[in-house]
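Undergrad: Shown below is the structure under consideration.
Throughout, read-outs are computed from the coordinates displayed, never taken from laboratory work. Predicted model only: the values in this text are computed from it and were never measured. In this analysis, Cβ positions are derived from the backbone assuming ideal geometry, glycine residues included, and neighbour counts consider all displayed protein chains.
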């Protein structure tokens with residue numbers, strides 16, 4: 001974790017942070033303010049997306065709660081920050097909330113792809129490998145097309161204490177939920193999540209991420 005150029009202005013209670021970096025997730029141009037009850041708002045940029053957060057902090061309890069929204073994230077800039085070989089084009093919105101206290105840690109975020117004119121929504125095979133591996137979907141074999149187009153990408157990530165749950169919100173089929181749906185004519189693939197096996201310990205999830213990214217790095 002790295003914080004660059006933090007400034008705090010008193011008594012106006014305004015603060016700025018040039019950059020906050022956590023596992024290559026870079027939040028930039030942070031500007032915030034808070035009142036005497038430590039209720040505040042802040043704005044920021046996240047891979048070209050514009051974010052806003054409303055929060056409340058209590059030092060006595062203690063707790064930290066809030067809601068956030070990020071619009072028009074460049075998905076490809078986000079994925080290539082981890083590995084330049086992982087390509088997913090398109091844009092995404094994220095809306096969520098969090099509730100953090102001494103004995104509780106909860107975060108919920110809903111993400112959905114955003115269609116834009118003249119922007120193709122596709123991912124390469126390495127991105128498909130990453131998503132299927134992390135979502136617990138059966139591994140896929142490389143097909144003829146180098147790119148896989150998608151119609152919609154929509155899901156929810158919930159973190160509660162030491163566990164992470166991934167849900168697909170792009171539709172349902174029996175006991176499975178669609179995380180990604182393919183277009184009608186273009187080459188693509190549907191990715192589904194089993195509702196009965198969609199929760200994992202955070203430590204194991206992080207290990208999965210590191211493992212699959214390292215495996216992709218070693219491939220040509």
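Undergrad: Within the group 78, 25, which residue is closer than 30 Å to residue 128 by Cα and crowded, with 16+ Cβ neighbours inside 10 Å? Give the steps one after another, and end with the answer.
TA: On the way: 25 fails: crowded, with 16+ Cβ neighbours inside 10 Å.
Result of the check over 78, 25: 78.
Undergrad: Taking the condition of being under 17 Å from the mean Cα position of the chain (by Cα) and touching a residue at least 12 places away in the same chain (Cβ under 8 Å), how many residues in the stretch 79-104 meet it?
TA: 17
Undergrad: Got at least one residue in the stretch 70-79 being in a loop (DSSP other than H, G, I, E, B), touching a helix residue (DSSP H, G or I) at 6+ places or on another chain (Cβ under 9 Å) and under 24 Å from residue 112 (Cα atoms)?
TA: The answer is no, given that none of the residues of the stretch 70-79 is in a loop (DSSP other than H, G, I, E, B), touching a helix residue (DSSP H, G or I) at 6+ places or on another chain (Cβ under 9 Å) and under 24 Å from residue 112 (Cα atoms).
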